[in-house]
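Presented below is the structure to which this report refers.
The values are calculated or read from the model by the stated rules, or taken from the named source; none is laboratory data. What you see is a predicted model, and the numbers here were worked out from it, not measured in a lab. Counting neighbours? That spans all protein chains shown, and the Cβs are built from the backbone with ideal geometry, glycine included. When the accessible area is computed, the model is the full protein with side chains, heavy atoms only, and any ligands, DNA or RNA have been set aside. Shrake-Rupley method; radii C 1.70, N 1.55, O 1.52, S 1.80 Å.
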Amino acid sequence: MNSAGNRSYAILLGSLFKGGSRYLEVGALLLALCVTIFQYRPYSGIKHDSVLYLGQIFQSLWPDVLGEDLFFEFGSQSQYTLFPVVFAPVVEYFGAENAFMYLVLVGRFLFFLASAFLIWKVFPTKLRWLSIFSLSAFPATYGGYSIFSYAEPFFTARTLAEPFALFALFFVLKNRIGLALVCSLVGLMLHPLQVISMGVVCWAYLISGDRRWLHVLWLIPLSILLICQFTSYRDTLFNVYDPEWYSWIIEPNRHVFLTEWRLSDWAYLVTDLFLVSLLYLYSTKVLRRLAISVLLAAAFGFFFSFIFADLLQMVLPAGLQLWRVHWVLHWVAMTSIPWLLFQLYRVRGEWNISLLIALLIVVAGVNHGGLSVPPWIVFILIPLFFLWKREEGKVSPLMTKILFWSLVLALLASCVRYIVFSILIFGDGGYSLEQYRIDSIILAHPVVTFCLIGAISVLWNKGGPLTKRGILILISSSLLYSVYMWDSRSTWTKTLEGSQYVEGVFDVRLPVGSQVYWHEDLLAPWLILKAPSYFTYQQNSGLLFNRGTAAEANFRQKLTAPLFFQKEICQIMNALNGEQDSCSPDPELIVELCEKAKGSLGHVVLEDKIELPISGNWTFSGGSKRSSEVSYYLYACADVLGFAKAGF
């Protein structure tokens, strides 16, 4: 490398905010990190799996009330975790709304603290801050169908299990096996699946240093023997999905079976494998050992899932979901991006084609929902990267220059495309930050992120005291904005979560255990009415583990399908007519639903006023329709059937 390249590389590897007192630098960096954590990962409320975990807490508090809920009636995942027992008192004291919001903050703090410990352990001193910025800024999505992510914007058992898993890996790297086991045990009690996948990584790391750790394999047959001898699970240990059961679970659980993954899902996985493979090729010592350990663990986890879940269709391996090792693989890939890009820069001491190809792979292969570059393009770019490394010296200077600027234009075009599509989506949502956090979305693009960090770094390093004060004011103002905007719940979500202790929402008291069909909402019956939910698609999460749940869910899904279909049609018609009540479901559908439920369904809640007896209504401002005033109507099946029998 020439002397100019050495000087350039030294500048790039310098502290992000080098210059001035060390305390000022660290303070600015911490403030900037807080901005990325709050701005890039806003709180979405009790959404997604958070609803299911709150339901587990409610079920532990009110077993007589929710015992017949579809999600719990035949057994649920709560029997494999202490999560409901641990957090039930917290929710009971603070309420679900406050407890879950503040527990997300606790989990977020622990996650980035554990990540910092790991990053400080494995990455060079001058790149540590960039690595943690990369982790906080880039999308955290992993697995199939973009369902899961680490450091999620809502509270689940994973929120706290993941930090303990990262701490366990840190202590393994420090050879503090006892502390690693303690952290693993705490994480296992909260969310076994996340910690088991990390356990595979830790085991691979230990084997890479001492082959005697292979003897851990003896625990597998020993565990099977103990389970068969002393527990009731011996009859289900080797269960296989029968064709009917499998047909029930496959649609809502496509993310569990690798053969059902989309091409884009594999593109994201291949990108992570590519980045961690480069990390292995270019690194040394503990970083190289960690990279190969993660790659081996990923190979084992995906191979195990493919053989036992996809091919043999065994119940227990499908439930273990060892492909979740992808979350660790993705974590390592995201933290390694700055290090890898600087290694590629270091080769020439300037921007070069290998660096640009790698950056374009990151842009395409990091999950932005397809808004930037089509993810499948990584299947072309990755071979091109290795081909260029081999054939670089054989290409003419003119072709090299053409390829260089083509890649630059491709990066800029991807950024422009991403911003334009984001603005269009923002417009579809009425230009409301409540509906679409465009500020967070645009900042998450790698080109935008790198340019922003680079610009601030250059200004800090080159500027005088006045410039530094200006940057600190900018960062502090951004932090105030990001903290203020962090709670990104919609009006409906805030109203729903704030109604837990509101008495008589519908001015009626439901019988204990009376099941409620609240269209497309699982949280509302549990939180507002303190009642079991008859059916929502979200309750299909338990189908993998129990055939009884799968059979009953299939029956109820078919029963509610006509109503669901009419609601979809009415939403389209209302949108076309520009009115919210120009179309509503037929009363006969509600009557039919109540009849075929055979007494198991007590009430139906809809946003539609239908020509049937109304047991109560609830009106408030804002809601799923985003109109100024929204009403929900409660229909009692006993009244509906009586009215139908009288001839409408």
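Assorted remarks:
- Tallying residues that are more than 30 Å from LEU523 (Cβ to Cβ) and surrounded by 15 or more Cβ atoms within 10 Å (Cβ to Cβ) within region 477-496 yields 2.
- The set of residues in region 168-177 being surrounded by 24 or more Cβ atoms within 10 Å (Cβ to Cβ) and under 23 Å from the mean Cα position of the chain (by Cα) consists of ALA168, LEU169.
- Number of positions in region 549-578 that are under 28 Å from SER76 (Cα atoms) and β-branched (Val, Ile, Thr): 2
- Of all residues in region 544-590, exactly one satisfies the criterion of being part of a loop (DSSP other than H, G, I, E, B), farther than 17 Å from ILE249 by Cβ and either in contact (Cβ under 8 Å) with a residue 40 or more places away in the chain or among the aliphatic types (A, V, I, L, M) (or both), namely GLN580.
- Candidates GLY144, GLY178, filtered to the one that is closer than 30 Å to GLY365 by Cβ, out of contact with any Cys (no Cβ under 7 Å at 6 or more places or on another chain) and not aliphatic (A, V, I, L, M): GLY144
- Looking across ALA597, ALA575, one residue alone is open to solvent by 20 Å² or more (accessible area, probe 1.4 Å), over 22 Å from VAL505 (Cα atoms) and hydrophobic (A, V, I, L, M, F, W, C). It is ALA575.
- Restricting region 451-462 to residues that are farther than 15 Å from THR36 by Cα and touching a residue at least 12 places away in the same chain (Cβ under 8 Å), the residue that is surrounded by the most Cβ atoms within 10 Å (Cβ to Cβ): TRP460
- Out of VAL201, VAL276, VAL195, one residue alone is open to solvent by less than 20 Å² (accessible area, probe 1.4 Å), under 30 Å from THR549 (Cα atoms) and either modelled with pLDDT of 95 or more or not hydrophobic (A, V, I, L, M, F, W, C) (or both). It is VAL195.
- Residue count, region 231-260 (criterion: in contact with a Gly (Cβ under 7 Å, 6 or more places away or on another chain) and either farther than 26 Å from THR141 by Cα or surrounded by 19 or more Cβ atoms within 10 Å (Cβ to Cβ) (or both)): 0
- Verdict on LEU593 being over 30 Å from LEU237 (Cβ atoms), touching a residue at least 40 places away in the same chain (Cβ under 8 Å) and either in a loop (DSSP other than H, G, I, E, B) or in contact with a helix residue (DSSP H, G or I) (Cβ under 7 Å, 6 or more places away or on another chain) (or both): yes
- Reported count of residues in region 15-38, each being modelled with pLDDT under 90 and under 20 Å from THR493 (Cα atoms), is 0.
- Every residue from region 440-496 that is polar (S, T, N, Q) and within 13 Å of TYR40 (Cβ to Cβ): SER440, THR449, SER478, SER482, SER488
Every residue, every condition in (1) modelled with pLDDT of 80 or more; (2) of a type in the set (Gly, Ala, Ser); (3) touching a Phe, Trp or Tyr at 6+ places or on another chain (Cβ under 9 Å), yes or no:
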{"site": "GLN571", "(1), (2), (3)": "yes, no, no"}
{"site": "ASP586", "(1), (2), (3)": "yes, no, no"}
{"site": "CYS594", "(1), (2), (3)": "yes, no, yes"}
{"site": "HIS603", "(1), (2), (3)": "yes, no, yes"}
{"site": "ASP608", "(1), (2), (3)": "yes, no, yes"}
{"site": "SER615", "(1), (2), (3)": "yes, yes, yes"}
{"site": "PHE643", "(1), (2), (3)": "yes, no, no"}
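- Within region 519-536, residues that are over 15 Å from GLY498 (Cβ atoms) and modelled with pLDDT of 90 or more have Cβ atoms under 7 Å from residues that are part of a loop (DSSP other than H, G, I, E, B) and hydroxyl-bearing (Ser, Thr, Tyr) in these pairs: ASP521/THR536; LEU522/THR536; ALA531/SER514, counting only partners at least 6 apart in sequence or on another chain.
- When region 600-609 is filtered for residues that are open to solvent by 20 Å² or more (accessible area, probe 1.4 Å) and either without any contact (Cβ under 8 Å) to a residue 40 or more places away in the chain or β-branched (Val, Ile, Thr) (or both), only LYS609 remains.
- The C-beta contact set for region 73-96 (first residue farther than 14 Å from LEU52 by Cβ and surrounded by 15 or more Cβ atoms within 10 Å (Cβ to Cβ), second residue at pLDDT 95 or above and acidic (Asp, Glu), distance under 9 angstrom, 6+ apart or interchain) is empty.
- Every residue from region 408-433 that is closer than 12 Å to VAL448 by Cβ and in contact (Cβ under 8 Å) with a residue 24 or more places away in the chain: LEU411, LEU412, SER414, CYS415, TYR418, ILE419, SER422
- Filtering region 525-543 to residues that are in a helix (DSSP H, G or I), farther than 16 Å from GLN59 by Cβ and open to solvent by less than 30 Å² (accessible area, probe 1.4 Å) leaves only ASN540.
- Some residue of region 622-631 being more than 31 Å from the chain's Cα centre (by Cα) and assigned to a loop (DSSP other than H, G, I, E, B): yes
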